[in-house]
Amino acid sequence: MARVEKTGWLMDVYTRPSGELVCWLLSEDGQRWLLPMDFPVTFYAAGSLAVLRQAWRFLRGRGVQLSRQVRRDLFHGERVVLSATLDLPGRLPETYRRLAQAFPVLDYYDADLPLSVRFVAGTQVPLLGRCRFETDGQRLLGLQPLESAWEMQPSLPPLRVMEIECDAEPALHPPQEIVIRCDRRCYRFPLQPLRAFVVNLQALLGTYDPDVILTRYGDTWLFPFLSEHAPSFNPNRDEQMKVEFRRERSLFAYGQVLYRGAQALLFGRWHIDRCNAALFAEIGLTGALEMARVTGLGVQEAVRKSPGAGITAMQMQTALRDGVLIPAVKQQAEATRTLVSLIRYDRGGMVYQPLVGVHRHVAELDFASMYPAIMVRYNISPETLYQRDAPAGLIPRTLQPLLVKRLALKHCLHTLDRRDSRVSDLKARQTALKWLLVVCFGYLGYKNARFGRVESHEAVTAISRELLLQAKENAEDMGFTILHMYVDSLFVKREDTRTEADFLPLAEKIQAETGIGVTLEGVYRWLVFLPACRDQRIPVANRYFGVFEDGTLKYRGIALRRHDTCPYVAQTQLDILSCLAQADDPREQWKEAWGLVNQRVRSLQRRQAAIEGLQMAVKLSRDPQAFRRPSAAAQAARQLQAEGVAVRAGMRLFFWFTQQGVSVAPPAAEEVDWDHYARLVLRAAGEILDVLQPVEKKQQYYLPLLK
Amino acid sequence: MGRTVPTITRQLNETEAMLQTFRRTLRRGDQALLDGLLASAHRHLAAISASGALLPFEAALLAMLLEQARRIAALEEEIRIFQEEVVRLRDGKG
């Protein structure tokens, strides 16, 4: 084939077992290309010159180009390093592993970077970005970017999507039937006989040649099952590749135990398991593509990993472009601190306890992306600490375009009508970027983050506290009462303010004073701050419900927001809120709300509620054998284990409360513990309604229901 | 995350737990008053935290005093209104 030039999109990159890099490209004429490309990769080692000399001798003759260079470490400044370049990128992990094993005392750099991140930084072509490429049909000869990752309206590749679902949750019941949807057609195949099913699936893959396979339980059941029982079946577009399986694991992150199921990754097309992709339910395919575009992580990685991996990948890209070394293992430990220094500086954001009770005509003002905005505006980065007038640091330079793009997307959303067809895509994209911005602050203080430093983390919270105090003083100067402040938002009211226009001067004044964007989230017709359950006199931060002037509800910290609330109870609480929202003051609707509660409790007592609505969902906080007391979750876990299901910490378990305890299978109506569900409804109702009326009036309604 | 020092809410809760024997020894009526005092400190968690004190309970005591002062000021205002009303009634202007 003669050399041809095409325009299209870079979809993904990976390495074949031979070690060569392959680019998956989609050209505008609809053709899919899997083209190998020359892409040498380099890693570095630093340390004592004597050991470096030995390392040189160790690598000599192993197909590695070696040289001595001087490069910049963000924390140590310039360092003499041994540079090792490999022509085949797939060989780097093994070469690095052997060298690190032989010379553990050396510091290694750029040794464990995701291949796609290296590629994007090296070629300037973002994943999912439009590009021009040249090929002779065998290899990729040239590649130029036509679009940046920061394009506001990026062109989208015409993707072919195939959806595969099974008729049961495989952890509980073996699936019997598989449903495949593609190109507006729906196919149903029995799983057995397996040979017939595999032949049909392979035929559909050949006919439709999908770019994305969206599954339910594809990671944890379908592909492992097919790999075991039909080893000759290959769902990859690249026939030289096999499905890559990664093991399941439980981990502790963000203060909770998380479970990550096994993963099945494809080559030349993507596999996304809706049930095993952390953010997919929230951001969908559009958000996943946006995340891959800005982070440089492949789509399959981006949807399965936490946003922290995304922000790390972005920092790596900045470092690679600037020629800054990326340590394989973080070498900086926190400096010794005095107790007084810790007490003074090791504090989080400012939280002002709310004034408990009902408030009318309240405005909520938010600092837009406060922590990232502080990092950019005040140039907070590990290398700029304690320096005046330092050039923009690595972290601010990474965050700046992300911040600008998200604010622009948000602005665009505000200008569109809610019914506009572009709204859902814009929302998904801005949510994907929001998650990256949310975690960037935590990663600054995370002990294992490559470019983290706890003092920078503390600087951000110190500035945020100061800014929030400035906002409070500005509001008080203008005669407002501060009802509540929570890290980056404040709730205010004044006797004479009713509409958004009345609060805008305050928002503008705070923005002018602090230099950080302030948005008016909205004006509440009424807002209720709730007290602690243990003592009605103690206020609790970020626990409230209210209704905006346009009738939209907002609630935080109540049962409705909790994942372990069953649908029946959640729906009851939502209906109570909707009932209260009909009035100008929620206290006026109190009696009607209790009428509704009465109705729901009665229907439980008459066993009229649907069983599906009573299903509880609880995340297992530890492995089943580690439970000392037989809690409901522990009982459910043991029942599943008895049925041969592998249960791990962080998994989400589903069960019902029954007269005997709990049941993981749907129970018959006479087995359900209806009184227990009635108590849950009453508790959820009391959570909202107790604060609205004095005790004696509550008892009049509450006590008869308990009988 | 980089937080090493426990939050101010946790520190106050721990102090309250330490005071349980003290509380138990009080008369039933006094226990309710103590609970009210401790609860009032929770309204000023941000200020107690901002004080950066080595012993945050000192700042918590100040917060309790502040709440007492606020209560006294509110009662004084009520008394003033009542007194004005009494004077008005006595002078036959009611």
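Read-outs: derived from the displayed coordinates by stated rules, not from any lab. Please read all numbers here as calculations on a predicted model, not as lab measurements. Glycine gets a Cβ as well: all are built from the backbone with ideal geometry, and neighbour counts include every protein chain shown.
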Query - Residues with amide H under 5 Å from that of A:Trp526, placed H, sequence gap 5 or more - result: A:His361, A:Val547
Requested in this report: Would you grab the residues whose amide H sits under 5 Å from the one on A:Asp12? Only those 5+ places off in sequence or on another chain, please, with H modelled 1.01 Å from N.
Outcome: A:Trp24
Query raised in the report: For all pairs of alpha-carbon atoms in the stretch A:564-609, what percent lies in each bin of width 10 Å, listed from the first bin to the last filled one?
Result: 28, 49, 21, 2
**Report entry** Environment charge of A:Arg304, counting only residues whose C-beta is closer than 10 Å and scoring Lys/Arg +1, Asp/Glu -1
**Finding:** 0
Requested in this report: Whole Å is fine, so just give me how far the alpha carbon centre of the stretch A:324-348 lies from that of the stretch A:213-276.
Outcome: 37 Å
**Report entry** ³J(HN,Hα), Karplus 6.51/-1.76/1.60, whole Hz, each residue of the stretch A:208-219, x for Gly, Pro
**Finding:** 8, 6, x, 8, 10, 10, 9, 10, 10, 6, x, 5
Requested in this report: May I ask for the distance between the Cα centers of the stretch A:145-160 and the stretch A:356-391, given as a whole number of Å?
Outcome: 31 Å
**Report entry** Overall Cα dimensions of the stretch A:129-173 - principal axes, largest extent first, Å
**Finding:** 51, 34, 17
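May I ask for the equivalent-ellipsoid semi-axes of the stretch A:517-559, computed as the square root of five times each C-alpha gyration tensor eigenvalue and listed largest first in whole Å? Present the calculation step by step, with values, prior to reporting the outcome.
Details: eigenvalues 104, 29, 15 Å².
Ellipsoid semi-axes (Å, largest first): 23, 12, 9.
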Requested in this report: Starting from the Cα gyration tensor of the stretch A:496-631, multiply each eigenvalue by 5, take the square root, and state the resulting semi-axes largest first in whole Å.
Outcome: 35, 23, 13
Report task. Count the net charge of all other residues whose Cβ sits under 15 Å from the Cβ of A:Ser421, scoring Lys and Arg as +1 and Asp and Glu as -1. Result -> +2
Report summary line: HN-Hα couplings for the stretch A:156-167 via Karplus (6.51, -1.76, 1.60; θ = phi - 60°), in whole Hz with x for Gly/Pro, come out as 10, x, x, 7, 9, 10, 10, 10, 10, 9, 10, 8
Requested in this report: Counting other Cβ atoms within 10 Å, keep those with at most 10, restrict to DSSP loop, and tell me which trypsin sites (Lys or Arg not before Pro) in the stretch A:1-71 are left.
Outcome: A:Arg3, A:Arg60
Query - the stretch A:579-629: trypsin sites (Lys or Arg not before Pro) falling in loop per DSSP and having at most 12 other Cβ within 10 Å - result: A:Arg606, A:Arg607, A:Arg628
Query raised in the report: Each residue of the stretch A:169-176 in order: what ³J(HN,Hα) in whole Hz does its phi give by Karplus 6.51 cos²θ - 1.76 cosθ + 1.60, θ = phi - 60°, with x for Gly and Pro?
Result: 7, x, 5, 9, 9, x, x, 10
Report task. Could you pull out every residue, at least 5 positions away or on a different chain, whose amide H is within less than 5 Å of the one on A:Thr658? Hs are placed 1.01 Å off N in the peptide plane, and Pro or chain starts have none. Result -> A:Ser663, A:Asp673
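Going down the table (A:Lys305/A:Lys330; A:Lys434/A:Lys619; A:Lys554/A:Lys591; A:Lys472/A:Lys591), which pairs top 29 Å between alpha carbons?
Working: A:Lys305/A:Lys330 20 Å; A:Lys434/A:Lys619 25 Å; A:Lys554/A:Lys591 22 Å; A:Lys472/A:Lys591 37 Å.
Result: A:Lys472/A:Lys591 exceed 29 Å.
For the protein assembly as shown, what is the calculated [θ] at 222 nm in deg cm²/dmol (nearest 500), taking -39500 (n - 2.57) for each run of four or more DSSP H residues and dividing by its residue count?
Working: 24 runs with 331 residues, N = 801.
My calculation for the protein assembly as shown gives -13500 deg cm²/dmol from helical runs alone.
Over chain A, what is the mean sequence separation of C-alpha contacts under 8 Å (at least six apart), divided by residue count, expressed as relative contact order in percent?
On the way: 1264 pairs, mean separation 70.4, N = 707.
Reported as a whole number, the value is 10 percent.
Per residue and in cubic angstrom, what volume does the convex hull of the Cα atoms of the protein assembly as shown have? Don't skip to the answer; put the middle values down first.
Values: hull volume 179.0 nm³, N = 801.
Taking only Cα atoms, the protein assembly as shown has a hull volume of 224 Å³ per residue.
What's the whole-number percent of alpha carbon pairs in the stretch A:486-572 lying beyond 16 angstrom?
Working: 2429 of 3741 pairs.
Of all Cα-Cα pairs in the stretch A:486-572, 65 percent lie more than 16 Å apart.
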Query raised in the report: Per 5 Å bin from zero, what fraction in whole % of the C-alpha pairs of the stretch A:290-336 is there, up to the bin with the longest pair?
Result: 5, 20, 23, 19, 17, 9, 5, 2, 0
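Other chains near A:528-537: what is the mean number of their Cβ atoms within 10 Å of each residue's Cβ? Can you show the working numbers first?
Numbers: counts 0, 0, 0, 2, 2, 0, 1, 5, 1, 7.
Mean shielding by partner chains, rounded to a whole number: 2.
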Query - Local net charge near B:Ala73, Cβ-Cβ under 12 Å (Lys/Arg +1, Asp/Glu -1) - result: -1
Query - Translational diffusion of the stretch A:174-275, µm² s⁻¹ [Kirkwood Rh, Cα pairs; Stokes-Einstein; 20 °C; 1.002 mPa s] - result: 146 µm²/s
Report task. Sorted from largest down, give the three principal axis spans of the alpha carbons of the stretch A:4-145, whole angstrom values. Result -> 56, 31, 19
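What's the exposure ranking of A:Cys566, A:Cys579, A:Cys533, going from fewest to most Cβ atoms within 10 Å?
A:Cys533, A:Cys579, A:Cys566
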Requested in this report: With 5 Å bins from zero, work out the P(r) of the stretch B:8-90 over every alpha carbon pair and list the percent per bin.
Outcome: 3, 13, 19, 17, 14, 11, 8, 6, 5, 3, 1, 0
Query raised in the report: Looking at the stretch A:379-459, which chymotrypsin sites (Phe, Trp or Tyr not before Pro) are in a loop (DSSP not H, G, I, E or B) and have at most 10 other Cβ atoms within 10 Å?
Result: A:Tyr386
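Viscosity 0.692 mPa s, temperature 37 °C: Stokes-Einstein D of the stretch A:429-486 from its Kirkwood Cα radius, in µm² per second?
Details: Rh = 13.6 Å.
Stokes-Einstein gives a translational diffusion coefficient of 242 µm²/s.
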**Report entry** On Cα atoms only, tilt of A:567-580 relative to the major axis of chain A in degrees
**Finding:** 60 degrees
